[in-house]
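Structure record follows, encoded as structure tokens.
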Amino acid sequence: MKRFLRKPLMLGVFLPAVALTLGAFSYQPLHSDLKLPIQALPDSELESPESLSRVDVRVPDFTYTIQRGDTLSTIFDMLDVGQAAMYQVLESDVSILALDTLKPGDQLSFWLYEGQLDQLELRFSPAHQVVFSRAGEETFEYSEVRVEGEWKEEVVAGDINGSFYVSAKRAGLTASEIQKVSALLQDKLNFRRDLRAGDSFQVVRAKQYIEGEATGNTRLEGLRILNRSRELTAFNFEGQYFDLNGDSLARAFMRYPTKGRYRLSSRFNPFRKHPVTGRVRPHNGTDFATPIGTPILATGDGVVTRVTKHPYAGLYIVIEHGQKYKTRFLHLSKALVSKGQTVSRGQKIALSGNSGRSTGAHLHYELHINGRPVDAMKAAIPVAEGVNQADRLAFDSLRDRLLAQMNKQGQG
Ligand SMILES: [Zn+2]
């Protein structure tokens, strides 16, 4: 493996102690007496055979499990890996924005070479890892590992007694699953006013397992709410949700995240080369030359899953649209929504800006399908139609299978 000469790093140019808040937990300063569950390994184990791929078979030098209140800064300090390396990793992270999703219990593994950080792995679950590998004196590249594993279905059912949130929580749905249910049926049901005691619900939830271990990832496969004489349903067919009749539950996506049209200043390009290093630095979004303060619109119905500041991406928002689609909006000046909020297509969610590392005022807009960034200007975006005629039989049999599961649980 090629190694790089390292110049003395100019620490002075880096921002002072940036506190990145991890996961959903607000930042709290670390106590000085914090015990570090760092597993230092004997030197003899460090020299294992060279790996063939970037998924490293070498034993890491340190492994650290994230605790509540940790920040990336303090972890890098504790491990004495250096803030400069942290900023280099963060610079690479702007293309994937994985560091902001770290939460207590996730694991960081560090590989060092001659005292410098050579590789960092974020382990979110057995199903999902992101690896940052040194690609030059001051640059890292990332790779992402996703394992599909096995999904097992279960039914979560209950009666309405109090609010939908309280009733669903009692039955065993998580807060984020409840948000997804609300987002799916937002046009059909007023969750605050329409539900009555005695109404009931059934949700078919799939849980992901890898080699028998639950990863914590879940998927809503189907749901039904019996609201007096009404029946509200949603079925996940190939990543999109349809009702009993096969009509789409989501409105069509908008191609552009703004009301007016703005010059496209940089296109989606997975092979874009860094102008200085010449290395591939993917551009996972589309840039629009929006003046600071331009209203930014949600391109589809969904749930806000992140409103975060990143030293390079600036203030950014992530919205999940059902199971399959996700959008991201970077370099904003102001967020008009908060995490957990349900949004509908065309809703004003933010004002554009020039925050983070940006060469001028613009909006960087990303569309992800099944966890991978795609060209938002060219990708097939959801249209508000029903199930295709060609898929009709497959949809009907999926729907009937899910309904049968709900019926078993729902009659009690
Ligand atoms: Zn961009």
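The values are calculated or read from the model by the stated rules, or taken from the named source; none is laboratory data. For clarity, every value in this text was computed on a predicted model and none was experimentally measured. Cβ coordinates were reconstructed from backbone atoms using ideal geometry, including for glycine residues, and neighbour counts include every protein chain displayed. Surface accessibility is based on the protein's heavy atoms, side chains included, excluding ligands, DNA and RNA. Shrake-Rupley method; radii C 1.70, N 1.55, O 1.52, S 1.80 Å.
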Criterion (closer than 21 Å to R224 by Cβ and not aliphatic (A, V, I, L, M)) met by exactly one of Q389, Q347, Q405:
Q405
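Give me a count of the residues in region 58-86 that are in a helix (DSSP H, G or I), without any contact (Cβ under 8 Å) to a residue 40 or more places away in the chain and open to solvent by 10 Å² or more (accessible area, probe 1.4 Å).
Residues that pass the stated criteria total 1.
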Here the qualifying pairs (Cβ atoms under 9 Å; residues six or more apart or on different chains; first in region 237-248 and closer than 12 Å to D187 by Cβ; second open to solvent by 50 Å² or more (accessible area, probe 1.4 Å) and acidic (D, E)) come out as D247/E385; S248/E385
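Which is within 13 Å of the ligand (Cβ to nearest atom), closer than 16 Å to Y256 by Cα and not assigned by TED's automatic domain parsing to the domain that holds A98, of H364, H331, H368?
After ruling out the rest, the residue left standing is H364.
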Counting only residues that are within 10 Å of the ligand (Cβ to nearest atom) and open to solvent by 70 Å² or more (accessible area, probe 1.4 Å), region 270-291 contains a total of 1
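Here is a yes/no grid of residues against (1) part of a loop (DSSP other than H, G, I, E, B); (2) more than 26 Å from the chain's Cα centre (by Cα); (3) not acidic (D, E):
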residue: P104; (1), (2), (3): yes, no, yes
residue: S143; (1), (2), (3): no, no, yes
residue: E177; (1), (2), (3): no, no, no
residue: D194; (1), (2), (3): yes, yes, no
Taking only region 175-197 into account, find how many residues are of a type in the set (S, T, N, Q) and open to solvent by less than 40 Å² (accessible area, probe 1.4 Å).
1
For region 384-397, what are the residues that are surrounded by 12 or more Cβ atoms within 10 Å (Cβ to Cβ) and of a type in the set (A, V, I, L, M, F, W, C)?
A384, V387, A394, F395
Single residue of region 309-340 satisfying the filter (at pLDDT below 95 and among the hydroxyl-bearing types (S, T, Y)) that is surrounded by the most Cβ atoms within 10 Å (Cβ to Cβ):
Y325
State yes or no: is T299 within 19 Å of T359 (Cβ to Cβ), of a type outside the set (G, A, S) and modelled with pLDDT of 95 or more?
no
Do we find a residue being surrounded by 15 or more Cβ atoms within 10 Å (Cβ to Cβ), away from the ligand (no atom under 16 Å from the Cβ) and not hydroxyl-bearing (S, T, Y) anywhere in region 254-269?
yes
Mind listing whichever residues of region 352-361 are buried (at least 16 other Cβ atoms within 10 Å of the Cβ) and within 11 Å of the ligand (Cβ to nearest atom)?
G356, S358
Looking at region 145-173, which of the residues that are part of a helix (DSSP H, G or I) and under 25 Å from the mean Cα position of the chain (by Cα) is farthest from G212 (Cα to Cα)?
Y165
Pair list, Cβ < 8 Å and 6+ apart or interchain, from region 328-355 residues that are aromatic (F, W, Y) to residues that are part of a loop (DSSP other than H, G, I, E, B) and within 16 Å of the ligand (Cβ to nearest atom)
F329/P257
Every pair of residues 6+ apart whose Cβ atoms lie under 7 Å, when the first sits in region 359-371 and is β-branched (V, I, T) while the second is away from the ligand (no atom under 11 Å from the Cβ)
I369/K324; I369/Y325; I369/A379
